[in-house]
1. Of all residues being open to solvent by 10 Å² or more (accessible area, probe 1.4 Å) and part of a strand (DSSP E or B) in segment 110-134, which is farthest from residue 18 (Cα to Cα)? Just the residue, please.
2. Determine, yes or no, whether residue 25 is modelled with pLDDT of 90 or more and over 26 Å from residue 87 (Cβ atoms).
3. Checking residue 57 against (1) without any contact (Cβ under 8 Å) to a residue 24 or more places away in the chain; (2) out of contact with any Gly (no Cβ under 7 Å at 6 or more places or on another chain), which single condition isn't satisfied?
4. Answer yes or no: is there a residue in segment 68-75 that is closer than 21 Å to residue 9 by Cβ and surrounded by fewer than 18 Cβ atoms within 10 Å (Cβ to Cβ).
5. Taking segment 53-73, which residues are modelled with pLDDT of 90 or more, among the acidic types (Asp, Glu) and more than 22 Å from residue 97 (Cβ to Cβ)?
6. Within segment 96-135, which residues are within 15 Å of residue 4 (Cβ to Cβ), over 12 Å from the mean Cα position of the chain (by Cα) and free of Cβ contacts under 8 Å to residues at least 40 places away in the same chain?
Amino acid sequence: MLAGKWKVVGVAPGDGVQAMAKDDPAYMGRVIDMSADRLAWEGPAEGGAMVGDRCDGPVTQHLTGATAKTYDVQFAAQLKALGVTPGDPHGIECDSGNWGPEAAGGATLYAQGNDVLALSWYDGVVLKLARQSGR
């Protein structure tokens, strides 16, 4: 379901001190290539975007119970700003490399059908992604 190229179509910062703004141009239009073998940003880092992460051997894990509720509450405002329904979060683990802020346990995904994802990222930001092409 996740394989393909995903374009950033929205950026929603959290309530804390932010290095990024709503729909920050450093991320808007950037593309993530997702496959069973890896997660990686396409193109060079520009404008302060944190796009150096690479995850080899990615595995998603459905988050449930208190863990899921914690993430739903943590990202509620950002998800609402992006028009994404909270619920059904998935964590991402890597065989090697990293994906998202390690101090926060990595990135969290929220799937909205087959063509829209929300991805938690650095500094409490949530990125809205739209599928560009399937594999």
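1. Among those residues, the one meeting the criterion is 133.
2. yes
3. (1)
4. No, every residue in segment 68-75 fails to be closer than 21 Å to residue 9 by Cβ and surrounded by fewer than 18 Cβ atoms within 10 Å (Cβ to Cβ).
5. Across segment 53-73, there are no qualifying residues.
6. 112, 113, 115
The values are calculated or read from the model by the stated rules, or taken from the named source; none is laboratory data. What you are looking at is a predicted structure, and each value in this text was computed from that prediction instead of being measured. Virtual Cβ from ideal backbone geometry, glycine too; neighbours counted across all protein chains shown. The area values use the complete protein model at the heavy-atom level, side chains included, leaving out ligands, DNA and RNA. Shrake-Rupley method; radii C 1.70, N 1.55, O 1.52, S 1.80 Å.
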